[in-house]
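Trainee: I have a structure here, written as structure tokens, and I will follow up with some questions on it.
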Amino acid sequence: MPDRETEISERRVQIAENLAAVREDIAAAARKANRDPSEVSLIAVTKTYPASDVRILAGLGVLDVGENRDQEAAPKARETAGLGLRWHFIGQLQTNKAASVAEYASFVHSVDRLRLVGALSKGAVRYDKGLTCLVQVDLGNAEPMDDNAARGGVVPAQVPELADAIAAAPGLRLGGLMAVAPLGAEPGPAFERLSLLAMRLRSTHPSATMISAGMSGDLGEAVAAGATHVRIGSAILGIRR
């Protein structure tokens, strides 16, 4: 039986190889879209994976980490404190969990209602921090993304009101927009719609430059449409258990 040190070493090699391939995929997609690869930030989605994988990622230079459940993210953030990580909360968020998320997260990608804005603002003020929030846009999803979370989001017509509320809330900063490609449809056109919405948002909120779109299966389409942040899990860490 291999010892723990050997297991961690082997896991590091595996993650490093996967990470290099993903980074090259991002760079290739950016070049194809006549974009500078440095314009696209990688968020490693670590849900269901242990804190040891997060530490490996940090050692490989990945400091942006995504989680979609507070009950898993909060203890993982505590276990990896001191590594300089930026935690991105990307899942549907219950209002009563907002204060907990505000304690460790730097970004919340899934803001989809006014009540959540208020709850996150209270949490950010409580912990005396600035919390960057993105409006999650519904691009046509009616089905859950997985067993744990619905895809969620507001319809495009509701984006301005929610964005204005975030921008005006104490402790919060409007980062931009986030979306998940609709199930059963080509992701490219959906991400193009998101890009147009982001352009409109920047006409009233110029600093809201983030476009969070693209996962392991559709990062190329997302980068082509202007994504600034892609959320990659299985292509780096393997198929989730």
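The values are calculated or read from the model by the stated rules, or taken from the named source; none is laboratory data. This structure is a prediction, so every number in the text was calculated from the model and none was measured. Note that each Cβ is placed from the backbone with ideal geometry, even for glycine, and that neighbours are counted across all protein chains shown. These accessible areas exclude ligands, DNA and RNA; they are computed on the full protein's heavy atoms, side chains included. Shrake-Rupley method; radii C 1.70, N 1.55, O 1.52, S 1.80 Å.
Trainee: Looking at S9, S41, which is the one that is at pLDDT 95 or above and not hydrophobic (A, V, I, L, M, F, W, C)?
Mentor: On the way: S9 fails: at pLDDT 95 or above.
Exactly one residue qualifies, and that residue is S41.
Trainee: Any idea which residue in the range 205-225 is surrounded by the most Cβ atoms within 10 Å (Cβ to Cβ), counting only those that are out of contact with any Ser or Thr (no Cβ under 9 Å at 6 or more places or on another chain) and closer than 13 Å to G175 by Cα?
Mentor: So, considering only residues that are out of contact with any Ser or Thr (no Cβ under 9 Å at 6 or more places or on another chain) and closer than 13 Å to G175 by Cα, the one surrounded by the most Cβ atoms within 10 Å (Cβ to Cβ) is A208.
Trainee: Just to be sure before I move on: is A73 closer than 23 Å to I211 by Cα, assigned to a helix (DSSP H, G or I) and touching a Phe, Trp or Tyr at 6+ places or on another chain (Cβ under 9 Å) in the structure I sent?
Mentor: So A73 fits the description; yes.
Trainee: For the range 74-108, how many residues meet the condition of being among the hydrophobic types (A, V, I, L, M, F, W, C) and more than 21 Å from G176 (Cβ to Cβ)? Full working, then the answer.
Mentor: The initial filter retains those residues of the range 74-108 that are among the hydrophobic types (A, V, I, L, M, F, W, C), namely 74, 77, 81, 83, 85, 87, 89-90, 93, 98-99, 101-102, 105, 107-108.
Checking which are more than 21 Å from G176 (Cβ to Cβ) leaves us with 74, 77, 81, 83, 99.
Qualifying residue count, the range 74-108: 5.
Trainee: So for the range 141-153 (the condition being within 25 Å of S195 (Cα to Cα), modelled with pLDDT of 95 or more and assigned to a loop (DSSP other than H, G, I, E, B)), does at least one residue qualify?
Mentor: no
Trainee: Next question, about the same structure. Taking the range 226-241 only, how many residues are open to solvent by 10 Å² or more (accessible area, probe 1.4 Å) and part of a loop (DSSP other than H, G, I, E, B)?
Mentor: Of the residues in the range 226-241, 6 are open to solvent by 10 Å² or more (accessible area, probe 1.4 Å) and part of a loop (DSSP other than H, G, I, E, B).
Trainee: I've got another one for you. Please count how many residues of the range 182-204 are more than 20 Å from F107 (Cβ to Cβ) and open to solvent by less than 30 Å² (accessible area, probe 1.4 Å). Show your work before the answer.
Mentor: As a first pass, look at the range 182-204 and keep what is more than 20 Å from F107 (Cβ to Cβ): 182-190, 192-193, 196, 199-200, 203-204.
Imposing the further condition that a residue be open to solvent by less than 30 Å² (accessible area, probe 1.4 Å) reduces the set to 182, 187-188, 190.
The number of residues fulfilling the criteria is 4.
Trainee: Tell me which of these E24 doesn't satisfy, since it passes every other one: (1) touching a strand residue (DSSP E or B) at 6+ places or on another chain (Cβ under 6 Å); (2) closer than 14 Å to V230 by Cα.
Mentor: Of the numbered conditions (1) touching a strand residue (DSSP E or B) at 6+ places or on another chain (Cβ under 6 Å); (2) closer than 14 Å to V230 by Cα, the odd one out for E24 is (1).
Trainee: If you don't mind, there's one more thing I want to ask. Suppose the filter is more than 19 Å from S9 (Cβ to Cβ) and either at pLDDT below 95 or crowded, with 16+ Cβ neighbours inside 10 Å (or both); does E79 pass it? Full working, then the answer.
Mentor: On the way: more than 19 Å from S9 (Cβ to Cβ): yes; either at pLDDT below 95 or crowded, with 16+ Cβ neighbours inside 10 Å (or both): no.
No, not satisfied.
Trainee: Then there's this: Which condition number does D128 fail, the rest of (1) modelled with pLDDT of 95 or more; (2) on the phi < 0 side of the Ramachandran plot being met?
Mentor: It fails just one condition, (2).
Trainee: What's the number of the condition T95 fails, among (1) in contact with a Leu (Cβ under 6 Å, 6 or more places away or on another chain); (2) surrounded by 19 or more Cβ atoms within 10 Å (Cβ to Cβ); (3) polar (S, T, N, Q)?
Mentor: That leaves (2) as the condition not met.
Trainee: If the Cβ limit is 6 Å and pairs must be 6+ apart or interchain, which residue in the range 203-231 that is touching a residue at least 12 places away in the same chain (Cβ under 8 Å) and under 23 Å from V65 (Cβ atoms) pairs with which residue that is open to solvent by less than 20 Å² (accessible area, probe 1.4 Å) and hydroxyl-bearing (S, T, Y)?
Mentor: Note: pairs meeting the criteria are H229/S212.
Trainee: Would you point out which residue out of N18, N34 is assigned to a loop (DSSP other than H, G, I, E, B), polar (S, T, N, Q) and open to solvent by 10 Å² or more (accessible area, probe 1.4 Å)? Talk me through it step by step, then tell me what you get.
Mentor: On the way: N18 fails: assigned to a loop (DSSP other than H, G, I, E, B).
Just a single option satisfies the conditions, and that option is N34.
Trainee: Among the residues of the range 8-47, which ones are over 25 Å from V223 (Cβ atoms) and in contact with a helix residue (DSSP H, G or I) (Cβ under 9 Å, 6 or more places away or on another chain)? Before the answer, list the steps.
Mentor: So in the range 8-47, the residues over 25 Å from V223 (Cβ atoms) come out as 8-13.
Listed by number, the residues that qualify are I8, R11, R12.
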